[in-house]
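Quick notes on the structure that follows.
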Amino acid sequence: MTLAQDIKQKAIELDFDLAGITDTSALNNEQFKLFTDWLAFGYAGRMDYMRKNLDKRTSPAKLLKNAKSIICVGLNYKPPPARGTRDERRTYRPSSIVHLPSSRPTGRVANYAQYEDYHPFIKKQLRKLTDFITSVAGEGLQFKICVDSAPLVERALAARAGLGFIGKNHMLINPTLGPQIFLGEIITTLMLQTDGPITNNCSNCNKCIDACPTGALRTDGQFDANKCISYLTIEYKGRIPPDLAEKIGARLFGCDECVLACPYQEDAPVCRNKQFKFYSDRGRLDLHEILALSRGRPACLPYNFDARFADSTIKRSSLDRLKRNAQICLANVTNPKH
């Protein structure tokens with residue numbers, strides 16, 4: 001096998017589901033225009049960081065001196081079937097309100113946030129991969145590990161490396177694994193043989209656009225983060241407008257509608273990585289317990305926010321935002337208007 005094949009095989013041995021390699025060239029003109037138009041139209045909302053380091057974001061070679069290659073990996077995070085169901089398809093509800101047989105109202109948590117925080121987990125595995133590369137390719141190489149933090153257009157690079165294609169839901173979709181995929185990258189000074197993109201696409205399917213509760217997935221192909229429930233419940237710091245708050249329904253943290261509506265998701269396998277911790281009790285969180293959370297309590301108590309979500313991406317949001325979301329969900333669950 002070639003060195004590139006050895007590296008990709010090692011990535012699979014480290015329990016990544018996908019691995020591909022691309023070069024460090026800048027985005028092509030079409031991709032660059034799509035991104036800059038998205039910013040110009042104001043569709044990035046208040047994510048001001050997306051407007052910073054535009055040269056690095058669109059030219060990954062500028063993130064590491066003498067960079068030659070980018071190793072892209074993917075980790076499938078499709079959760080196991082919900083308890084009491086045959087498969088995940090039966091847990092999908094197009095309605096924003098899910099009534100559970102319980103006297104205490106609950107809020108829904110996006111699938112990805114039901115796992116341990118993927119940022120340190122993937123970085124740890126990527127460090128193992130760089131150690132392997134050094135052992136087989138020699139000392140003196142440089143690496144930069146990126147997991148959703150560096151100014152990098154991850155999905156575009158992953159598509160260029162053959163991990164999948166960008167769907168109408170603006171997610172990377174792998175024909176076998178679907179759209180529930182965490183991404184990570186290693187930028188390196190090592191020159192490697194690259195992979196080519198795949199030719200799959202969404203064709204005439206618009207299921208994700210139809211499933212979006214707020215119209216954030218526009219029919220013109222653009223994505224308006226200002227209306228996205230994931231953006232509103234996780235990143236948006238202000239008061240959510242009433243018309244959008246109503247459409248949030250019982251979604252406490254994030255939204256999976258455009259993902260679960262994707263036909264590629266239906267027969268995709270569940271996450272096979274046994275090291276990646278999944279918490280089945282985080283799919284639905286008690287809204288009154290969320291409202292009782294505090295940072296002032298001793299860390300050993302169950303109502304301490306930092307202790308409760310110490311290893312969760314939920315902690316990356318703020319306690320104030322989570323409580324704001326809980327109040328919206330509570331109002332929607334107790335007085336549903338749709």
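Bear in mind these aren't lab numbers, they're just calculated from the coordinates by the rules spelled out. None of the values given here were measured: they were computed from a predicted structure. Glycine gets a Cβ as well: all are built from the backbone with ideal geometry, and neighbour counts include every protein chain shown.
Relative to the current alpha-carbon distance between LYS52 and ALA310, full extension at 0.36 nm per residue lengthens the span by 90.0 nm. Helix 29-40 axis versus longest C-alpha principal axis of the chain: approximately 30°, rounded to the nearest ten.
Remark: spin-label model distance ASP23-GLN5 equals 2.2 nm, labels positioned 7 Å along the Cα→Cβ axis. Note on LYS274: lysines with a C-alpha under 22 Å away, same-chain residues under 8 apart excluded, are LYS8, LYS10, LYS78, LYS123, LYS124, LYS128. Using only Cα atoms, find the angle between the long axis of helix 118-137 and the longest principal axis of the chain, and express it within 0 to 90 degrees, rounded to the nearest 10. The answer is roughly 10 degrees.
Express the relative contact order of the chain as a whole percentage, based on alpha carbon pairs under 8 Å and six or more residues apart in sequence. Don't jump to the answer; show the numbers that get you there.
Numbers: 574 pairs, mean separation 85.1, N = 338.
Averaging sequence separation for qualifying contacts and normalising by length gives 25 percent for the chain.
Dividing the radius of gyration of the alpha carbons in the stretch 13-74 by their Kirkwood radius gives 1.06 for Rg/Rh.
Comparing Cα centroids, the stretch 1-22 and the stretch 220-296 end up 31 angstrom apart.
In vacuum, with every alpha carbon of the stretch 219-317 counted as one equal point scatterer, what does the Debye formula give for log10 I(q)/I(0) at q = 0.10 Å⁻¹? Two decimals, please. Each listed q maps to, in turn, -0.39.
Semi-axes of the equivalent ellipsoid for the chain, computed as √(5λ) from the eigenvalues of its C-alpha gyration tensor and ordered from largest down, come to 34, 23, 20 Å. For a straight C-alpha distance cut-off of 27 angstrom, the lysines reachable from LYS33 (same-chain residues fewer than eight places away being disregarded) are LYS52, LYS56, LYS62, LYS65, LYS68, LYS144, LYS168, LYS207, LYS227. Sorted fewest first by neighbouring Cβ atoms within 10 angstrom, TYR115, TYR43 come out as TYR43, TYR115.
With the charge dipole of the chain set up from +1 on Lys and Arg Cβ and -1 on Asp and Glu Cβ about the Cα centre, the Cα lying farthest toward the positive end among the listed residues PRO197, SER312, GLN5 is that of SER312. Build a GNM of the chain with springs between Cα atoms under 10 Å apart, and of ASP306, ASP131, ASP195 the one that fluctuates most is ASP131.
Above 19 Å lies some portion of the pair distances; for the stretch 191-249, what is it as a whole percent of all C-alpha pairs? Don't skip to the answer; put the middle values down first.
On the way: 797 of 1711 pairs.
Cα-Cα pairs in the stretch 191-249 separated by more than 19 Å: 47 percent.
By other beta-carbon atoms within 10 Å, ranking MET171, MET1, MET47 with the fewest at the front produces MET1, MET47, MET171.
Treating only the Cβ of Lys, Arg, Asp and Glu as charged (+1, +1, -1, -1), what charge dipole size does the stretch 185-338 show about its Cα centre? Round to the nearest 20 debye.
Numbers: 21 positive and 18 negative charges, 141 e Å.
It comes to approximately 680 debye.
Give me the percent of Cα-Cα pairs in the stretch 220-262 that sit more than 17 Å apart, rounded to a whole number. When all Cα pairs of the stretch 220-262 are counted, 29 percent exceed 17 Å.
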